[in-house]
Amino acid sequence: MKLGRAVVALLLLAPFAVRAVEPISLGLALAGVLTGYISYPRLYCLFTECCGQKRSLSREALQKDLDNKLFGQHLAKKVILNAVSGFLSNPKPKKPLTLSLHGWTGTGKNFVSKIIAENIYEGGLNSDYVHLFDQLQMWIRGNVSACARSIFIFDEMDKMHAGLIDAIKPFLDYYDVVDDVSYQKAIFIFLSNAGAERITDVALEFWKSGKQREEIKLRDMEHALAVSVFNNKNSGFWHSSLIDRNLIDYFVPFLPLEYKHLKMCIRVEMQSRGYEVDEDIVSRVAEEMTFFPKEERVFSDKGCKTVFTKLDYYLDD
């Protein structure tokens, strides 16, 4: 840190030193200092983002983010926390971590991807080492070559042509290297609405039987969810070898959100905009949302996705 400050000080003072020192000598001195600074990784990373910069992920910080920002998803919270923190604490994983997040729009799948990225890299989704789906094999190979701890996020798997995702199978398998590149420290996250019907069925069964949603266990739906996604012709995972060969580590269900969860989202949004929480406004916004099934009206059909725009209407009054 002291050397980093010295470099900055030298650069700031350079114009005043020009008159006292021969220009060529000063130039060589500055070049020497900068070369030493850039070649020393830990110093260099104080001033720019580096691969694996936050490798010592804080389990407590990740849990706090999940608790404070993700509502109504006790299953997803537990799986994400244990899977990500366990994977990052393993110095020699046998394969990349592969998570498949499933549920209706607005239940938090994209938001969780953002939380994971922010807890690993300072830049979050804007980090040079976090990549949204573009072109498969060459895209993945190039980015992992640059940073072993790369994160790849594949949104809207439902719209991907069936069979296309199988092109990345070698990168998710138990290989030390593929074409001289190791993928074992990478993280792959797939986002999909596929299987949402099965998730809703289980949640509704628990609600009708008078059970709390927090009583739902991963074992109550993970296998059925995997089978549902595998057999869904509208899913990019239809008959995918990634499922058939057990290369997806966790199928993470996102439960449909209830009225109380929408109110939590609205309160957090009001606070983030600098407003005091007004429970009357919170209730009015939540009551404007639409719910399903038609008779019971238990679950929000858009999750928390549109509460923010509806809140604009009341805050502008």
Subject >> Mean accessible surface per residue for the range 227-307, computed with a 1.4 Å probe while every protein chain stays in place, in Å² >> reply: 51
Original post:
Can you give the accessible area of Lys114 in Å² (nearest 10), computed on protein heavy atoms with a 1.4 Å probe?
Top reply: 70
Original post:
What is the set of long-range amide H partners of Gly108 at a cut-off below 5 Å, with H atoms built 1.01 Å from backbone N?
Top reply: none
Original post:
What FRET efficiency do you get for Arg59 and Ala167 if R0 is 41 Å and r is their Cβ-Cβ distance, rounded to the nearest 0.05?
Top reply: 0.75
Original post:
Between Phe190 and residues 5 or more places away or on another chain, which pairs have amide H atoms under 5 Å apart, with H built 1.01 Å from N, and which residues are they?
Top reply: Leu99, Ser100, Leu101, Phe154
**OP:** At most 11 other Cβ atoms within 10 Å and a DSSP loop assignment: could you name the chymotrypsin sites (Phe, Trp or Tyr not before Pro) in the range 163-245 that fit?
**Re:** Tyr174
**OP:** Using a Förster distance of 25 angstrom, determine the FRET efficiency expected from the C-beta separation of Ser145 and Ser89, and round it to 0.05.
**Re:** 0.55
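If the only charges are +1 at each Lys and Arg Cβ and -1 at each Asp and Glu Cβ, what is the size of the charge dipole of the range 135-286 around the Cα centre, to the nearest 20 debye?
I would put it at about 60 debye.
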Original post:
Out of residues 5 or more away from Val178 or on other chains, whose amide H comes under 5 Å of its own, with H placed 1.01 Å from N in the peptide plane?
Top reply: Tyr183
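Explain nothing, just the number: relative contact order of the range 89-221, from Cα pairs under 8 Å at least 6 residues apart, as a whole percent.
So the answer I get is 35 percent.
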Original post:
Label points 7 Å out from Cα along the Cβ direction at Val268 and Asp158: separation in nm?
Top reply: 2.2
**OP:** Would you mind telling me the share, in percent, of accessible area of the range 64-202 contributed by carbon and sulfur at probe 1.4 angstrom?
**Re:** 50
Original post:
Where only protein heavy atoms count, and the probe is 1.4 Å, what is the accessible area per residue for the range 84-159 in Å²?
Top reply: 42
**OP:** For the range 217-281, give the percent of accessible area contributed by carbon and sulfur heavy atoms, probe 1.4 Å, rounded to a whole number.
**Re:** 46
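The values are calculated or read from the model by the stated rules, or taken from the named source; none is laboratory data. Bear in mind that the values here come from a model prediction, so they are computed numbers and not experimental data. No Cβ is skipped: glycine too gets one built from the backbone with ideal geometry, and neighbour counts run over all protein chains shown. Ligands, DNA and RNA are excluded from the accessible area calculation, which covers all protein heavy atoms including side chains. Shrake-Rupley method; radii C 1.70, N 1.55, O 1.52, S 1.80 Å.
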